[in-house]
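> My structure is below; once you've seen it, I'll send some questions.
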Amino acid sequence: MSNDVVVALDVGGTGMKCALVRPDGAVHHTERHPTLAARGPEAVTGNILDIAAGLADRARADGLRPVAAGVVVPGVVDEETGTAVWSSNVGFRDVPLRDLTSARLGLPATLGHDVRAGGVAEARLGAGRDERNVLFIAIGTGIAAAHVVDGKAFGGAHGAAGEVGHVIVRPGGPPCGCGARGCLESVASASAVGRRYVELSGIEDVTAFDVATRAAAGEKLANSVWTEAIEAFADGLLTAQALYDAGIVVLGGGLAEAGEELLAPLRVALDARITFHRMPRIVRAALGDTAGCLGAALLALDSLGATP
Ligand SMILES: [Zn+2]
């Protein structure tokens, strides 16, 4: 029993984070690989299976016993059937990844959604570990979220629950990737903040992190762009709080790197909007970009009934 490990893979648009994780959540070994999404979904699937098999071999070589595999992917995921239904950045269309992984490794396998898995890891092992009701929000190119209660993420009837990024906060606002206008993601994602600053300043290649830094240094334009984003974020969060009544909001993804530059004004802006709702704690994620991979391991352990 003490030699058991699970094989965990977090497949992203550009890279895969992989690990061998023990049942108590301790990480035995990690690897990173490029996803090579440009080669198409079949090549990516082959790549995932090769890497997973390689990890299982590595476990055996280290005297450990691989007992299950967990794979998490972006996009629309049917966790019941273990199918990667749709993904814009990896190109999956109805790929039965769970069964393919299970057949290749000869082990039970689980397929999950990257952000929900990351939320589960933050809720159980990271910043949310002393709260039962956790809202995890990843702010990067887009804004994705997961509502986790007692360590379990709720995917909804169609695997699309918790999509706080598509709450409309600025009706008629900037176009969103989803087809609507004024979604939170179109105004307050890292890409949206960078784009807005470039638009107004004419300076190219400015990231949201740069905007936060310039705002902190007292630059007027950066400050106004940053404040606009925080206000929009607080509007979205107020709706989320009305729906979820989270005890803690854990912010991850690239923009959370801004730390208190983001958290402090966001707390003030949300507090100013709160009426009957209760104010959640708002904190930065603790597991960084390994949350998805740890979440993949937790899903695999859950499937065995062997969770930390
Ligand atoms: Zn949208």
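The values are calculated or read from the model by the stated rules, or taken from the named source; none is laboratory data. Values in this document were obtained by computation on a predicted structure and should not be read as measured data. Neighbour counts run over all protein chains shown; Cβ positions are idealised from the backbone, glycine included. The protein model used for the area step is the full one, side chains on, heavy atoms only, and it has no ligands, DNA or RNA in it. Shrake-Rupley method; radii C 1.70, N 1.55, O 1.52, S 1.80 Å.
> Suppose the filter is surrounded by 18 or more Cβ atoms within 10 Å (Cβ to Cβ), closer than 15 Å to ALA240 by Cα and touching a Pro at 6+ places or on another chain (Cβ under 9 Å); does LEU105 pass it?
Spelling it out, it is not the case that LEU105 is surrounded by 18 or more Cβ atoms within 10 Å (Cβ to Cβ), closer than 15 Å to ALA240 by Cα and touching a Pro at 6+ places or on another chain (Cβ under 9 Å).
> Another question, then. So if I check each of LEU135, LEU97, which one is within 28 Å of PRO66 (Cα to Cα), open to solvent by less than 40 Å² (accessible area, probe 1.4 Å) and in contact with a strand residue (DSSP E or B) (Cβ under 7 Å, 6 or more places away or on another chain)?
Going through LEU135, LEU97 in turn, the sole match is LEU97.
> Give the residues of the stretch 176-209 that are touching a Pro at 6+ places or on another chain (Cβ under 8 Å) and of a type outside the set (Ser, Thr, Tyr), sorted by residue number.
ARG181, GLY182, VAL187, ALA192
> Right, next: Going by the conditions given, is LEU135 within 16 Å of the ligand (Cβ to nearest atom) and either touching a residue at least 24 places away in the same chain (Cβ under 8 Å) or touching a Cys at 6+ places or on another chain (Cβ under 9 Å) (or both)?
Spelling it out, it is not the case that LEU135 is within 16 Å of the ligand (Cβ to nearest atom) and either touching a residue at least 24 places away in the same chain (Cβ under 8 Å) or touching a Cys at 6+ places or on another chain (Cβ under 9 Å) (or both).
> Right, another one. So in the stretch 262-308, with the set limited to residues that are part of a loop (DSSP other than H, G, I, E, B), of a type in the set (Gly, Ala, Ser) and at pLDDT 95 or above, which one is surrounded by the fewest Cβ atoms within 10 Å (Cβ to Cβ)?
ALA286
> Return yes when GLY202 is out of contact with any His (no Cβ under 9 Å at 6 or more places or on another chain) and within 16 Å of the ligand (Cβ to nearest atom) and no when it is not.
no
> Also: Return the pairs, sorted by first residue and then second, in which the second residue is open to solvent by 20 Å² or more (accessible area, probe 1.4 Å) and of a type in the set (A, V, I, L, M, F, W, C), the first residue lies in the stretch 15-37 and is without any contact (Cβ under 8 Å) to a residue 12 or more places away in the chain, the beta carbons are less than 8 Å apart, and the residues are 6+ apart or on different chains.
Hits for this filter: LEU36/ALA43.
> Quick check, is GLU228 over 30 Å from GLU79 (Cβ atoms) and open to solvent by 50 Å² or more (accessible area, probe 1.4 Å)?
It is true that GLU228 is over 30 Å from GLU79 (Cβ atoms) and open to solvent by 50 Å² or more (accessible area, probe 1.4 Å).
> Can you tell me which residue in the stretch 1-50 is nearest to LEU287 (Cα to Cα), limited to those that are open to solvent by 80 Å² or more (accessible area, probe 1.4 Å) and hydrophobic (A, V, I, L, M, F, W, C)?
Checking each candidate, the answer is MET1.
> Of all residues in the stretch 155-203 being basic (Lys, Arg) and either more than 19 Å from PRO265 (Cβ to Cβ) or in contact with an Asp or Glu (Cβ under 6 Å, 6 or more places away or on another chain) (or both), which is surrounded by the most Cβ atoms within 10 Å (Cβ to Cβ)?
ARG195
> Please verify whether ALA258 is touching a helix residue (DSSP H, G or I) at 6+ places or on another chain (Cβ under 6 Å), within 17 Å of ALA138 (Cβ to Cβ) and away from the ligand (no atom under 16 Å from the Cβ), treating the condition exactly as stated.
It is true that ALA258 is touching a helix residue (DSSP H, G or I) at 6+ places or on another chain (Cβ under 6 Å), within 17 Å of ALA138 (Cβ to Cβ) and away from the ligand (no atom under 16 Å from the Cβ).
> Determine whether the stretch 135-146 contains at least one residue that is closer than 30 Å to VAL5 by Cα and not hydrophobic (A, V, I, L, M, F, W, C).
No, every residue in the stretch 135-146 fails to be closer than 30 Å to VAL5 by Cα and not hydrophobic (A, V, I, L, M, F, W, C).
> Just to check your reading of the model, which residue among THR207, THR141 is β-branched (Val, Ile, Thr), in contact with a helix residue (DSSP H, G or I) (Cβ under 6 Å, 6 or more places away or on another chain), away from the ligand (no atom under 15 Å from the Cβ) and modelled with pLDDT under 95?
THR207
> Which one of these does GLY156 not meet: (1) of a type outside the set (S, T, N, Q); (2) within 25 Å of THR14 (Cβ to Cβ); (3) more than 14 Å from the ligand (Cβ to nearest atom); (4) without any contact (Cβ under 8 Å) to a residue 12 or more places away in the chain?
Status for GLY156: all satisfied but (2).
> Out of the residues in the stretch 116-132 that are charged (D, E, K, R) and buried (at least 17 other Cβ atoms within 10 Å of the Cβ), state the one that is nearest to ALA296 (Cα to Cα).
ARG116
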